[in-house]
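Just so it is clear, none of the values below were taken in a lab; they were calculated from the coordinates. Not measured: the values here are computed from a predicted model. FYI the Cβ positions are ideal-geometry reconstructions off the backbone, even for glycines, and counts take in every protein chain you see.
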Amino acid sequence: MIDRGDIARFERFDRQEWAALRAQTPLTIREKDLEALRGINDQLDLDEVAAVYLPLTRLLNLYVSATQSLHRVSTTFLGTIAPKLPYIIGVAGSVAVGKSTLARLLQTLLSRWPEHPRVELITTDGFLYPNAELESRGIMDRKGFPESYDTRQLLDFLRAVKSGEPEVTAPIYSHVIYDVLPDRHEIVHQPDILILEGLNVLQVDSHANEFVSDYFDFSIYLDADESLIESWFIERFHALRRTVFQDPQSFFKHFADLTDEQATALAAQIWESINGRNLRENIAPTKGRASLVIEKGADHRVTDVFLRKL
């Protein structure tokens, strides 16, 4: 839930009120599309898409169109011809809350709008320092905390994208080997919209004069009660133990043979010492900086939406 100090800056909508804002926005995906978008243990169906995410894409489409119009007005006034600049959306939230699925869904839905067909998605995982660097700094057990990211590299990437450079490269991260892939990159080609998804994208460093969120046109924080997120994390750990951890190349292959009881205990320990701590200390305090906060309930379904007042 949004802190009391921030709540006055947001307009609250319950699920029914928010769903009504869909208006005539068409449902442009099918159930088979969702199968490719769902993350492990995510409970996402077409009803959820229609009630929550179609209104959101309608809002974003209006925002993107307004920003593009403002850009055209500025270039007309200045008498210049400038490249069309991408609209950048940040997606933040805890581990296991479903933000990766949300980002993929937004990419798919927004790309179906004719005004902005080129939508690209980048995760901040690729901007983590390589494991060797984390080990040398003694912060391997703080992977995912703000200091484990090469923030300067991430800022350089965003600056280049926002400047309209024709090609900008981003590093690639493998969740199988749990590390950045050396000499592997993906290329962003002047998208209409760029979605940047990550744990700490709304983080503010009091010692810095430039923040990742400075480059956002809109930001979304996906939220739920911590006890729920912890239970989803433990469920996901069990699912990974039966799938990804079985891969001989998996960094966590030694977890594959744990018993159910051992896996539950280990996942709870990891949550309390790493992911839950990161959520409480670094991630949750940033939700009040988001343009939109989405609240999920125990069944993974969205219960409330908070839109920042203009």
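For the cross-link pairs Lys253/Lys287; Lys32/Lys162; Lys84/Lys287; Lys84/Lys309; Lys162/Lys287, the ones whose C-alpha atoms lie over 32 Å apart are Lys253/Lys287; Lys32/Lys162.
Taking Lys and Arg as +1 and Asp and Glu as -1, the other residues whose beta-carbon sits under 11 Å from that of Pro26 total +3. The fewest-to-most ranking of Trp232, Trp113 by surrounding Cβ atoms within 10 Å reads Trp113, Trp232. Extension gain, Asp183-Glu147: 0.36 nm per intervening residue step, less the Cα-Cα distance, totals 10.7 nm. P(r) tail for region 4-308: Cα pairs beyond 27 Å make up 44% of the total. With contributions of -39500 (n - 2.57) from each DSSP H run of at least four residues, the per-residue ellipticity at 222 nm computed over the chain stands at -10000 deg cm²/dmol. Would you mind classifying region 210-255 by shape? Square roots of the alpha carbon gyration tensor eigenvalues, ordered a ≥ b ≥ c; an a/c under 1.5 is rounded, otherwise it is prolate if a/b is larger than b/c and oblate if not. Oblate is the answer for region 210-255, as a/c is 1.5 or above yet b/c matches or exceeds a/b. Taking 0.36 nm per residue of separation and subtracting the Cα-Cα distance, full extension of the segment from Asp156 to Thr28 would add 42.6 nm. Put in order of Cβ neighbour count within 10 Å, fewest first, the listed residues Leu70, Leu181 become Leu70, Leu181. Placing unit charges on the Cβ atoms only, positive for Lys and Arg and negative for Asp and Glu, gives the chain a dipole magnitude near 840 debye about its Cα centre. Per-residue packing, averaged as other Cβ atoms within 10 Å, sorts the ranges 259-269, 87-97 into the order 87-97, 259-269, beginning with the highest.
With 0.36 nm allotted per residue and the present C-alpha distance subtracted, the Glu165-Gln249 stretch has 26.6 nm of extension available.
Here the spin labels are modelled as points 7 Å beyond Cα on the Cα-Cβ line, and at Asp6 and Glu261 they lie 4.1 nm apart.
Label separation (Lys309 vs Arg137): 4.0 nm, computed from points 7 Å beyond Cα along the C-beta direction. Where does the charge balance sit around Ser174 when Lys and Arg score +1, Asp and Glu -1, over other residues with C-beta under 11 Å from its C-beta? Summing Lys/Arg as +1 and Asp/Glu as -1 gives -2.
Seen from Ser291, the other residues with C-beta closer than 12 Å to its C-beta sum to a net charge of +3, counting Lys and Arg as +1 and Asp and Glu as -1.
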